[in-house]
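Structure record follows, encoded as structure tokens.
The values are calculated or read from the model by the stated rules, or taken from the named source; none is laboratory data. From a predicted model like this one, the values you see are computed outputs, not experimental measurements. Here the Cβ positions follow ideal geometry from the backbone for every residue, glycine too, while neighbour counts run over all protein chains shown.
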């Protein structure tokens, strides 16, 4: 079994603790579906509770590190070189509707560079983790991206389908396009070889920081669609290899 570093052990322990509470809360969601008000307020509370747990556990494990979080925003730490990038519940709409496909995402920046990532699928108990230069893993199994090189054979994940013309061009290249509703898990699935590529525009850093580390450490590519910094623009393209990435990038641009 691979040995995670002390840093990753802090991240993994925080994700598992927050995940236990999310799993209990998810068990209550089905009961709320039949109410007129619906589960929205309950899910918001679950999200905030998970973020509080992650903030406390990561702060305890690495005092002084800063944070960039979905709800709290930017929290400056005394250590200016490190920053956690955290989404306590990626796939909120799935969670809200009782769909068991969501994750906790924890990334770490060191001097502005992503160096570690954890994506935890709470319901399936699948823990994706990786660190720069040390590889990516699913639980105790080393991850490798897929070996497919043709877009026609590839299964592609995407996010919000706001650019229908781009989607149409991708579908001309491959009919295997899926939208599952969690960018963090889409990226983890590219790292695991389940998807061959993923793209989405307009995401937030906490959606993609951890997953990008996993893809790169599994031997794949994670970059901005138009050539800028995806943490700044939120436009990300991840792929198993340059051939898939090039074909997908070409389809995305008129």
- Note on the structure: Note: among 127, 171, just one is surrounded by fewer than 24 Cβ atoms within 10 Å (Cβ to Cβ), at negative phi and assigned to a helix (DSSP H, G or I), namely 171
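Residues checked against (1) in contact with a helix residue (DSSP H, G or I) (Cβ under 7 Å, 6 or more places away or on another chain); (2) outside the structural domain of residue 247 (by TED's automatic domain parsing); (3) at pLDDT 95 or above:
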site: 121; (1), (2), (3): yes, yes, yes
site: 125; (1), (2), (3): no, yes, yes
site: 128; (1), (2), (3): yes, yes, yes
site: 131; (1), (2), (3): yes, yes, yes
site: 137; (1), (2), (3): no, yes, yes
site: 159; (1), (2), (3): yes, no, no
site: 163; (1), (2), (3): no, no, no
site: 167; (1), (2), (3): no, no, no
site: 171; (1), (2), (3): no, no, no
- Message: Checking residue 193 against (1) within 27 Å of residue 7 (Cα to Cα); (2) surrounded by 24 or more Cβ atoms within 10 Å (Cβ to Cβ): exactly one of these is not met. Which one?
- Response: (2)
- Tell me, please, whether a residue that is farther than 22 Å from residue 200 by Cβ and either crowded, with 24+ Cβ neighbours inside 10 Å or out of contact with any strand residue (DSSP E or B) (no Cβ under 8 Å at 6 or more places or on another chain) (or both) can be found in the stretch 100-107. no
- Verdict on residue 79 being modelled with pLDDT under 95, touching a strand residue (DSSP E or B) at 6+ places or on another chain (Cβ under 6 Å) and more than 21 Å from residue 213 (Cα to Cα): no
- Note on the structure: Within the stretch 59-76, restricting to residues that are over 14 Å from the mean Cα position of the chain (by Cα) and under 15 Å from residue 46 (Cα atoms), the one that is modelled with the lowest pLDDT is 71
- Note on the structure: (1) free of Cβ contacts under 8 Å to residues at least 12 places away in the same chain; (2) over 16 Å from residue 127 (Cβ atoms); (3) out of contact with any strand residue (DSSP E or B) (no Cβ under 6 Å at 6 or more places or on another chain) all hold for residue 3 apart from (2)
- Message: Let me confirm something: among 212, 183, which residue is under 16 Å from residue 101 (Cα atoms) and touching a helix residue (DSSP H, G or I) at 6+ places or on another chain (Cβ under 9 Å)?
- Response: 183
- Task: Give just the number: which of (1) within 25 Å of residue 138 (Cα to Cα); (2) touching a strand residue (DSSP E or B) at 6+ places or on another chain (Cβ under 6 Å) does residue 248 not satisfy?
- Result: (1)
- Message: Condition check: assigned to a helix (DSSP H, G or I), touching a strand residue (DSSP E or B) at 6+ places or on another chain (Cβ under 9 Å) and either modelled with pLDDT of 90 or more or buried (at least 18 other Cβ atoms within 10 Å of the Cβ) (or both). Does residue 184 satisfy that?
- Response: yes
- Task: Output yes when any residue across the stretch 202-218 is over 29 Å from residue 122 (Cβ atoms) and either surrounded by fewer than 20 Cβ atoms within 10 Å (Cβ to Cβ) or touching a strand residue (DSSP E or B) at 6+ places or on another chain (Cβ under 7 Å) (or both), and no when none is.
- Result: no
- Item | Flag if residue 111 is surrounded by fewer than 15 Cβ atoms within 10 Å (Cβ to Cβ), assigned by TED's automatic domain parsing to the domain that holds residue 13 and in contact (Cβ under 8 Å) with a residue 12 or more places away in the chain | yes
- Item | Test: residue 11 is surrounded by 21 or more Cβ atoms within 10 Å (Cβ to Cβ) and under 27 Å from residue 133 (Cα atoms) | yes
- Taking the stated definitions as given, is residue 209 farther than 22 Å from residue 177 by Cα, assigned to a helix (DSSP H, G or I) and in the same structural domain as residue 184 (by TED's automatic domain parsing)? yes
